[in-house]
6 protein chains.
Amino acid sequence: MVKAEDFTFRGLNKMGDTNNPVGSNVTQVNVNQLPGLNTFGISMVRIGYAPYGQNAPHTHPRATEILVVIEGSLLVGFVTSNTDNKLFTQRLEKGDVFVFPEGLIDFQQNVGHGNAVAIAALSSQNPGAITIANAVFGSDPKISDDILAKAFQVDKEVIDKIQSNF
Amino acid sequence: MVKAEDFTFRGLNKMGDTNNPVGSNVTQVNVNQLPGLNTFGISMVRIGYAPYGQNAPHTHPRATEILVVIEGSLLVGFVTSNTDNKLFTQRLEKGDVFVFPEGLIDFQQNVGHGNAVAIAALSSQNPGAITIANAVFGSDPKISDDILAKAFQVDKEVIDKIQSNF
Amino acid sequence: MVKAEDFTFRGLNKMGDTNNPVGSNVTQVNVNQLPGLNTFGISMVRIGYAPYGQNAPHTHPRATEILVVIEGSLLVGFVTSNTDNKLFTQRLEKGDVFVFPEGLIDFQQNVGHGNAVAIAALSSQNPGAITIANAVFGSDPKISDDILAKAFQVDKEVIDKIQSNF
Amino acid sequence: MVKAEDFTFRGLNKMGDTNNPVGSNVTQVNVNQLPGLNTFGISMVRIGYAPYGQNAPHTHPRATEILVVIEGSLLVGFVTSNTDNKLFTQRLEKGDVFVFPEGLIDFQQNVGHGNAVAIAALSSQNPGAITIANAVFGSDPKISDDILAKAFQVDKEVIDKIQSNF
Amino acid sequence: MVKAEDFTFRGLNKMGDTNNPVGSNVTQVNVNQLPGLNTFGISMVRIGYAPYGQNAPHTHPRATEILVVIEGSLLVGFVTSNTDNKLFTQRLEKGDVFVFPEGLIDFQQNVGHGNAVAIAALSSQNPGAITIANAVFGSDPKISDDILAKAFQVDKEVIDKIQSNF
Amino acid sequence: MVKAEDFTFRGLNKMGDTNNPVGSNVTQVNVNQLPGLNTFGISMVRIGYAPYGQNAPHTHPRATEILVVIEGSLLVGFVTSNTDNKLFTQRLEKGDVFVFPEGLIDFQQNVGHGNAVAIAALSSQNPGAITIANAVFGSDPKISDDILAKAFQVDKEVIDKIQSNF
């Protein structure tokens with residue numbers, strides 16, 4: 001029996017814990033938290049940013065994202081695919097909206113003086129997220145430093161050092 | 001040549017004019033306002049509500065909607081399709097989220113003491129909106145009162161009177 | 001074990017009971033009646049109309065409809081979405097075909113002298129249907145007359161009266 | 001400027017010319033005849049059958065079909081894909097409905113005493129149709145009899161003879 | 001628990017048994033053999049051809065195919081839908097690629113001196129395949145020779161003879 | 001006028017130039033090279049790998065990939081999305097097939113003694129590709145080292161050094 005509660009999620013106004021290396025926090029409202037989204041191809045997130053915090057470069061493998069700034073100032077950007085790899089950025093203030101196309105690497109950085117808050121919607125009920133640094137250097141098990149040294153064109157020691165952070 | 005501005009819309013924090021019979025205002029950010037949304041199946045709106053205002057019963061013919069309350073208190077609801085026509089409602093406070101399934105008749109009413117504001121996302125870059133009262137009683141030209149009197153099971157005079165309001 | 005019967009429905013030539021306030025009857029052949037339609041995105045209905053009968057204003061939340069008149073004469077129409085709310089109508093005779101775009105409010109009225117019959121197909125195996133008057137004024141529980149009075153711009157007494165019919 | 005006529009097609013009640021080798025005629029109402037179907041994923045056909053006529057084995061490469069008998073009696077059938085190639089058939093009378101799944105080889109044969117008529121809808125605005133005998137033996141230019149002799153496991157002379165009919 | 005093996009299929013380099021009337025063999029790698037393809041809308045096949053062998057005229061009811069020649073020389077072709085039934089053919093050598101649009105009748109014939117091998121991908125995780133001769137003349141049970149004689153415009157004896165081969 | 005050449009691409013057997021930092025080369029056959037793929041949701045690539053070469057970690061933002069080894073030995077892998085970031089790997093020999101789910105970071109490394117060759121198909125006619133190192137450290141203009149230092153948790157000097165390679 002479906003009921004109104006299945007279509008309701010409460011508390012997206014609450015700041016998550018941003019006391020972490022990147023200084024941000026994402027609260028997800030997708031089909032895992034809100035079963036009423038099932039089959040509907042849409043979901044929502046709140047992103048809180050501490051001063052100097054960022055939502056580090058990441059992709060959503062199954063969704064385009066539309067984001068609106070609720071509080072503070074953000075530098076936002078995404079990089080187009082091969083072989084141009086063009087970086088598109090904008091500075092957003094409260095009430096400004098930006099689109100991150102499906103699957104592209106994108107980020108947001110708090111460039112104001114206090115906390116910043118954004119609400120974003122994604123075009124999938126289960127969009128997924130891949131934080132690039134974590135997936136590349138912090139996978140379980142690790143990708144061999146052999147592969148990453150060649151990909152990033154640095155010595156294995158540099159790779160090993162970055163991997164040790166994750 | 002695509003540029004960052006094509007993915008940007010500014011000013012969704014501004015209250016639209018709610019000085020109208022239903023006491024609300026919708027600011028749309030779909031592919032018509034934000035060309036970067038093209039082919040991506042998502043869009044956004046801001047809804048402002050004066051005290052006692054409402055977003056009157058309406059449908060989105062091509063999208064499911066997920067809404068979050070930014071300010072104030074809302075009574076939200078939708079009616080399921082034939083033949084149950086079950087009404088699902090919830091009272092939402094700041095930070096609460098609700099889902100309106102594709103094509104169903106839904107509404108929001110400001111039940112707080114001041115203005116209310118919601119941000120909502122829709123699962124289409126061009127979701128459309130049909131305000132029931134306006135489409136049924138205010139179409140151009142009018143639907144004949146003959147048809148509406150039988151549909152709503154009232155005298156034609158009642159239909160004529162409602163039609164005269166639109 | 002799938003068998004030929006799973007792809008068969010019998011008796012769509014039979015007139016349903018049109019002895020009701022709107023004077024029409026819809027026989028549905030969707031995935032609930034015909035399991036062979038599963039995953040195929042199509043279904044069918046037969047609509048019978050008594051003299052002066054109508055298929056009252058309604059929407060299909062998940063489908064476009066294509067209708068052909070088998071017998072009699074119909075006035076058909078649909079209303080476009082906000083903010084134009086333009087009414088498109090046509091008079092159809094036997095053998096005439098009309099399209100009702102997905103999610104728009106549409107209706108058919110018997111404008112001939114005898115019964116009328118139409119066959120229509122819908123672009124979903126489970127298209128749903130929302131009869132506007134029933135969903136708005138006859139939901140369970142009722143939508144508050146406060147909301148509807150403002151939406152339809154009439155006194156609550158008018159709303160209460162219409163609600164009492166459903 | 002869109003207008004009501006764009007959503008209208010007239011005359012699907014008329015019998016097409018069935019004076020041809022297979023004794024049937026298909027009147028199409030797809031996006032080529034009815035522009036209002038554009039993007040909506042649905043279309044319609046009328047099929048008329050002379051006595052002993054058939055709608056010869058064919059496929060619709062982009063659509064599932066749902067058919068209702070308007071007049072007469074039909075034997076209908078389709079064959080499942082490799083390697084079962086199971087034939088599913090039914091005898092349909094007036095008002096009976098049958099589903100032909102997307103891409104499968106299907107046919108209808110008039111098994112009554114007079115003309116038969118069916119209305120069918122297809123889950124594409126441009127479903128296409130491939131009459132097997134015509135495409136295999138009557139293509140322009142011809143498929144080499146070398147290939148067809150091996151495929152049908154008969155002498156080239158048999159192939160040449162069938163090809164000469166198309 | 002998903003594991004790497006769910007995304008792996010081994011042995012597509014092996015020649016299947018081509019000792020059959022058409023002199024070819026198809027090894028399928030779709031969701032039935034490779035569960036990791038589930039929901040992803042793609043699959044693969046290897047086709048081996050003996051000298052003079054062919055992949056007889058067939059359709060894929062739910063997929064477009066892109067094929068690359070790994071070894072040998074192939075004549076490939078497809079026939080467009082009604083009413084043109086135009087045959088498009090090409091001779092392919094090692095490394096050449098060809099596209100067979102969804103649902104159209106297509107074939108490949110080994111026109112080199114030794115074996116030929118192709119790898120093809122299909123735009124469905126479960127594309128299906130219908131070998132025309134087998135489905136039309138070898139279904140279980142048989143399509144009546146009455147129907148096929150009229151469709152192919154030959155005597156029933158010819159039909160009976162072809163049917164007896166399958 | 002469509003013709004057979006529109007469905008043909010020649011020369012996918014040729015080794016591209018692998019004399020580059022990662023020791024591999026991708027030849028694309030998507031809708032840009034092969035117009036006959038338009039609207040069909042599928043495309044193909046050939047990947048050549050020098051000894052010790054790799055197809056560096058990358059994503060396809062709009063497609064799942066299915067790959068078969070034509071020659072040589074490959075270590076292949078992908079990393080699941082947040083927060084597990086599980087690495088799935090397999091060693092593939094000639095004839096082995098592997099699936100890379102849509103949007104996930106994946107790679108292949110030549111682990112044999114000579115060149116390696118793979119053919120892969122993708123579930124989009126225009127799948128796109130994002131080589132992680134190039135997009136993150138080699139975009140135009142660069143992402144600020146401020147952002148990347150925090151994301152990868154290293155000093156800006158390390159970021160500057162990696163950026164200088166691209």
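Where a number appears in this text, it was derived from the coordinates with a stated rule and is not lab data. These numbers come from a predicted model, not from an experiment. Methodologically, a virtual Cβ is constructed for each residue, glycine included, from the backbone with ideal geometry; neighbour enumeration extends over all protein chains shown.
Which value, in debye to the nearest 20, describes the size of the charge dipole of the stretch C:1-157 about its Cα centre when Lys and Arg Cβ atoms bear +1, Asp and Glu Cβ atoms bear -1, and nothing else is charged? It comes to approximately 300 debye. Spatially, the stretch C:131-166 and the stretch C:41-93 are offset by 24 Å when compared through their Cα centroids. The chain C residue nearest the rotation axis shared with chain B, using its Cβ and rounding the distance to whole Å, is C:G103, 3. By its C-alpha gyration tensor, with a ≥ b ≥ c as the square roots of the eigenvalues, how is the protein assembly as shown shaped: rounded for a/c under 1.5, else prolate for a/b larger than b/c, else oblate? The shape class here is oblate.
Among the residues of F:43-56, the average count of other protein chain beta-carbon atoms within 10 Å of the residue beta-carbon is 2.
Over chain B, DSSP H runs of length four or greater, each weighted -39,500 (n - 2.57), average out per residue to a 222 nm ellipticity of -3500 deg cm²/dmol. Picking from B:I105, B:I143, B:I70, which is most flexible by a Gaussian network model of chain B using Cα springs under 10 Å? Of B:I105, B:I143, B:I70, the Gaussian network model singles out B:I143 as fluctuating most. Taking a Cβ cut-off of under 11 Å around D:P101, the surrounding Lys, Arg, Asp and Glu residues balance to a net charge of -3, with basic ones at +1 and acidic ones at -1. With R₀ fixed at 45 Å, the C-beta to C-beta distance from F:D155 to B:E5 puts the FRET efficiency at about 0.85. Under the criterion of Cα pairs below 8 Å and six or more residues apart, the relative contact order for chain F equals 25 percent. Computed over chain C, the alpha-carbon pair-distance distribution with 5 angstrom bins reads 2, 9, 15, 18, 18, 16, 12, 7, 3, 1, 0, 0, each value a whole percent. Give, as ranges by residue number, the residues of the stretch A:5-30 whose backbone N falls under 18 Å from the point 7 Å along Cα→Cβ of F:T83. Within reach of a label on F:T83: A:12, A:14-30. The same position E:P21 in the other copies lies at 2.2, 6.0, 6.6, 6.6, 7.4 nm from this copy, comparing label points 7 Å beyond Cα toward the beta-carbon, shortest first.
Here E:K150 is the anchor, and the lysines within straight C-alpha reach of less than 16 Å, apart from those fewer than 8 places off in the same chain, are D:K161, E:K142, E:K161. Name the lysines eligible as straight-distance cross-link partners of A:K14: C-alpha to C-alpha under 16 Å, and not fewer than 8 places from it in the same chain. Of all the lysines, those that pass the test against A:K14 - Cα under 16 Å, at least 8 places apart if same chain - are B:K94.
Peptides B:50-60, F:26-36 ordered by packing proxy, namely the average of other Cβ atoms within 10 Å per residue, highest first: B:50-60, F:26-36.
Among residues other than C:G36 with Cβ under 11 Å from its Cβ, the summed charge is -1 (Lys and Arg +1, Asp and Glu -1).
With r as the distance between the Cβ atoms of B:Q33 and F:N126 and R0 = 35 Å, compute the FRET efficiency 1/(1 + (r/R0)^6) and round to 0.05.
Efficiency for this residue pair is about 0.85.
Shown for F:E5: label points 7 Å from Cα along the beta-carbon vector, and their distances to the equivalent points in the other copies, 4.2, 4.2, 5.1, 5.8, 6.8 nm in ascending order.
Residues of E:142-148, mean number of Cβ from any other protein chain within 10 Å of their own Cβ, rounded to a whole number? It would help to have the intermediate numbers written out before the result.
Numbers: counts 1, 8, 6, 0, 4, 9, 6.
The shielding value for this peptide is 5.
Tally Lys and Arg at +1 and Asp and Glu at -1 over the other residues with C-beta under 12 Å from the C-beta of A:I159: what net charge comes out? Net local charge, A:I159 excluded: -1. In the assembly of identical copies, F:D146 has its label point, taken 7 Å from Cα in the direction of the beta carbon, separated from the corresponding points by 4.0, 4.9, 7.1, 7.1, 8.4 nm (ascending, one decimal). Overall, the protein assembly as shown carries a charge dipole of about 0 debye about its Cα centre when +1 sits on the Cβ of Lys and Arg and -1 on the Cβ of Asp and Glu, all other atoms neutral.
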